[in-house]
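All remarks here apply to the structure that follows.
The values are calculated or read from the model by the stated rules, or taken from the named source; none is laboratory data. Remember, predicted model here, so these are calculated numbers, not experimental data. When we count neighbours, we look across all protein chains shown, and the Cβ atoms used for this are built from the backbone with ideal geometry, even at glycine. For the accessible areas, the whole protein counts, side chains as well, though only heavy atoms, and no ligand, DNA or RNA atoms are used. Shrake-Rupley method; radii C 1.70, N 1.55, O 1.52, S 1.80 Å.
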Amino acid sequence: MYPKTHALLVIDVQNDFCPGGALAVEGGHDIVAGINGLMSDYSAVILTQDWHPAGHSSFASSHPGAAPFSMIQMPYGPQTLWPDHCIQGSKGANFHPDLNTTRADLIIRKGYNPAVDSYSGFFENDHETSTGLNGYLRSRGIDALAVVGLALDYCVNFSAVDGAKLGFDVTVRQDLCRAIDLGGSLAAAITGMQGAGVRVG
Ligand code: VGL
Ligand code: ZN
């Protein structure tokens, strides 16, 4: 069907990023059916799962006096502080109940290092520590990625840009993503993705 070997990369479609969750993205649940419907078009389906230990350094609650959605400097650079979310083993960390997880070939967890956040499915926020996803995709001969999920301006954005930097042919399906949009982050993400050679469709 495709000239390249395509994978569908589904980013963080988890309860905490859907309405009612700890870091709810508006309309996050609206994309689930469309993502499920796309899965049969791809030779591989990979899900990412944000997976933080309690007390993670990206949580505002771990920094006395700091408000959620404020920024701090971490040894690896600026970091937005979030409400506690996607704590390992919690209901909020589970995939949305309607997401077709049966079809997934691989579930890659990220954000488990207590001291470093990980927006991208490829690298932690130090932009150095690999999750192993690049090696997995390469060893399966995958060279093109369609990226969908939550949130468009954070984890989808970082995953798509890293994928393009690593040499994959990357398309983001904007209709199957939803954004947090914090202080212009959505517009910046779209410009940044396009600048990195990501097709934003
Ligand atoms: C995400 C903020 C914190 C995301 C994850 O999935 O976009 N955003 N952790
Ligand atoms: Zn997170």
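Residues that are over 11 Å from the mean Cα position of the chain (by Cα) and more than 14 Å from residue 6 (Cα to Cα) within region 141-163 comprise 161, 162, listed in sequence order. For region 40-59, the candidate set comprises residues that are under 20 Å from residue 146 (Cβ atoms) and of a type in the set (S, T, N, Q); within that set, the residue that is surrounded by the most Cβ atoms within 10 Å (Cβ to Cβ) is 48. Listed conditions (1) touching a Ser or Thr at 6+ places or on another chain (Cβ under 9 Å); (2) modelled with pLDDT of 95 or more are all met by residue 36, apart from (1).
Which of the residues that make up region 170-196 are open to solvent by 40 Å² or more (accessible area, probe 1.4 Å) and in a strand (DSSP E or B)? Those that are open to solvent by 40 Å² or more (accessible area, probe 1.4 Å) and in a strand (DSSP E or B): 173, 174, 175, 178. Condition check for residue 150 on (1) surrounded by fewer than 22 Cβ atoms within 10 Å (Cβ to Cβ); (2) within 16 Å of ligand 2 (Cβ to nearest atom); (3) not aromatic (Phe, Trp, Tyr): one failure, at (1). Can you name the residue in region 60-79 that is out of contact with any Leu (no Cβ under 7 Å at 6 or more places or on another chain) and polar (S, T, N, Q) and, of all such residues, is least open to solvent (accessible area, probe 1.4 Å)? Checking each candidate, the answer is 79. Of all residues being near ligand 2 (Cβ under 10 Å from one of its atoms) and hydroxyl-bearing (Ser, Thr, Tyr) in region 81-122, which is least open to solvent (accessible area, probe 1.4 Å)? Just the residue, please. So the residue we want is 118.
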